[in-house]
Each structure stands twice: as C-alpha cells, then as structure tokens.
Amino acid sequence: MIKTKTVNVDIEVTESLACDNCGANIPLVFEDPGGTTQQGHDALAIIFTGGYGMYVDPLVQHDLQVLWCKKCADLLCAAFPSIHERLGTKVELK
Ligand SMILES: [Zn+2]
C-alpha cells in the first residue's frame, strides 16, 4: 500500500509505504520530492506471476506485486528456508 499526498494539482508525492501483509509503516530509502522513487527500507517486493494453467494464470488475472516490511519478510524466510536461501546470505533474519 502506498500513501501519497497531493502537493499541487498535477503531482502526488509518496509520503510512506505500508506493508501489504501487516500494514506497518515502511520508511522510504530516499526522500523523493518528485514522487518517482518508492523504495522502502528493508522492504521485500514480491511479484507473483505465472502462465497458462499455472497458479497465477494471465488469462484470469494480472501479475501481482506486494510489498512486505522486514518483519513479515523475515517471517516468510523463516517459514520457507528455500526462499531465504534464494535471497542470499546477506539477508539476516531478526
Ligand atoms: Zn509487515
């Protein structure tokens, strides 16, 4: 979930991001007065995609992107070690 505010008639600026799983506020990595950068500190963006006959079937639904906070990403990695392994050793579970 992305929270924005209108600073004039034509431009919306990203103020903060929220975890799509728990709703926690995710601070932005960069201040971005232009509103084009939406990178959350320690956030995990997950893109669900698929193909015909797959769990996500593009004939039925579009690709889906969700953004999770560090706490929820850690829970995902703890529950599914193969995902943690694929993300690499730089990611430390808290
Ligand atoms: Zn969360």
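The values are calculated or read from the model by the stated rules, or taken from the named source; none is laboratory data. No experiment lies behind these values; they were computed from the predicted model shown. Cβ: placed from backbone, ideal geometry, glycine included. Neighbour counts: every protein chain shown.
General observations
- The set of residues from region 27-64 being β-branched (Val, Ile, Thr) and either at pLDDT 90 or above or within 23 Å of HIS84 (Cβ to Cβ) (or both) comprises VAL29, ILE46, ILE47, THR49, VAL56.
- Tally of residues being within 16 Å of the ligand (Cβ to nearest atom) and either outside any helix (DSSP H, G or I) or surrounded by 10 or more Cβ atoms within 10 Å (Cβ to Cβ) (or both) across region 40-79: 21
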